[in-house]
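The values are calculated or read from the model by the stated rules, or taken from the named source; none is laboratory data. In this text, all values refer to a predicted model and were calculated from it rather than measured experimentally. Quick reminder, even Gly has a Cβ in these numbers, built from the backbone with ideal geometry, and neighbours come from all protein chains shown. Side chains included, ligands, DNA and RNA excluded: accessible areas come from the protein's heavy atoms. Shrake-Rupley method; radii C 1.70, N 1.55, O 1.52, S 1.80 Å.
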Amino acid sequence: RGISLQATLDTYYNKVTDKIVAFPTTYVWKMVNFGRVEIKGVDATLSLGVPMGRKMALDVDASYTYQYAVDKTDSKKSYYRHQLPYTPRHSGNVSAVWRNPWVSVGWQMQAVGERWSMIQCTEEYRMKAYQEHTFTLSREFSLGKRKRNAESGSDLKLSFSLLNAFNKQYEVIKYYPMPGRSWQATASLTL
């Protein structure tokens, strides 16, 4: 098997009337109707597979989104042309997995740019950008025999993940902090 590479690039431009946006406030969800919204965006992905000898490979995946989504309802309003609540202009993720016969090693990074918790894009409502890193170790075991032309036996997959490895303090929703560093162990059996 040789090197595999796949990339996509999508662009879009939308003009939306009567866009309903739901966003959380301290205790309840708030619904707002934006009369006219302009959305410009780019979605890009990249997937790379590199063989590294017998039964080993490096798989890298990345995605990026740029989204300029602004209220264009009333030019007299102070928030005219402001980014919609909880909509970052920049976001993306990257993951890399070294697959091998012993223990596969993975890393994932998710990044979200600054965004605002309210209609007004002012400093008091600004939510900071963040990055979160996760590291994973996993191993698959075949249990039982496999026949040449038929599936039989079972598979067991064990994995251990260190989530938010650098203990980044951030909020996806204002006033609700996400957990710090944590770990997760999973086992799955396929019969």
query: Considering lysine pairs in region 24-121 that are 8 or more places apart or on different chains, how many have Cα atoms under 30 Å apart?
result: 7
- request: List the relative contact order of the chain as a percent without decimals, with contacts defined as Cα pairs under 8 Å and 6+ residues apart.
  value: 14 percent
task: Would you mind classifying region 69-191 by shape? Square roots of the alpha carbon gyration tensor eigenvalues, ordered a ≥ b ≥ c; an a/c under 1.5 is rounded, otherwise it is prolate if a/b is larger than b/c and oblate if not.
output: prolate
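Arrange the peptides 56-64, 6-14 so that the one whose residues have, on average, the most other Cβ atoms within 10 Å appears first.
56-64, 6-14
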field: Per-residue HN-Hα couplings for region 11-16 [Karplus 6.51, -1.76, 1.60; θ = phi - 60°; Hz; x = Gly/Pro]
entry: 10, 8, 9, 10, 10, 10
query: From the phi of every residue in region 2-8, what ³J(HN,Hα) in whole Hz does the Karplus formula 6.51 cos²θ - 1.76 cosθ + 1.60 yield, where θ is phi - 60° and glycine or proline is x?
result: x, 5, 10, 9, 9, 9, 9
- prompt: When the solvent-accessible surface of protein heavy atoms is calculated with a 1.4 angstrom probe, in what order do R89, R115 fall, highest first?
  reply: R89, R115
task: Using only protein heavy atoms and a 1.4 Å probe, report how much of M31 is accessible, in Å² to the nearest 10.
output: 130 Å²
query: Based on the alpha-carbon gyration tensor of region 10-88 and its eigenvalue square roots a ≥ b ≥ c, which shape applies: rounded if a/c is under 1.5, prolate if not and a/b is larger than b/c, or oblate?
result: prolate
- line: Expressed per residue, the solvent accessible area of the chain in Å² (1.4 Å probe) is about 67 Å²
message: As a test question: what accessible area, to the nearest 10 Å², does W116 have when a 1.4 Å probe is rolled over all protein chains in place?
response: 40 Å²
message: Taking the full set of protein chains and a 1.4 angstrom probe, give the accessible area of S4 in square angstrom, rounded to the nearest 10.
response: 60 Å²
field: Sparse-neighbour loop sites [trypsin sites (Lys or Arg not before Pro); region 21-60; at most 11 other C-beta within 10 Å; DSSP]
entry: R54, K55
field: Carbon/sulfur fraction of accessible area - region 59-191, other protein chains in place, 1.4 Å, %
entry: 55 percent
- request: Pull out a ≥ b ≥ c, the square roots of the eigenvalues of the alpha-carbon gyration tensor of region 16-147, then state rounded if a/c is under 1.5, prolate if not and a/b is larger than b/c, and oblate in the remaining case.
  value: prolate
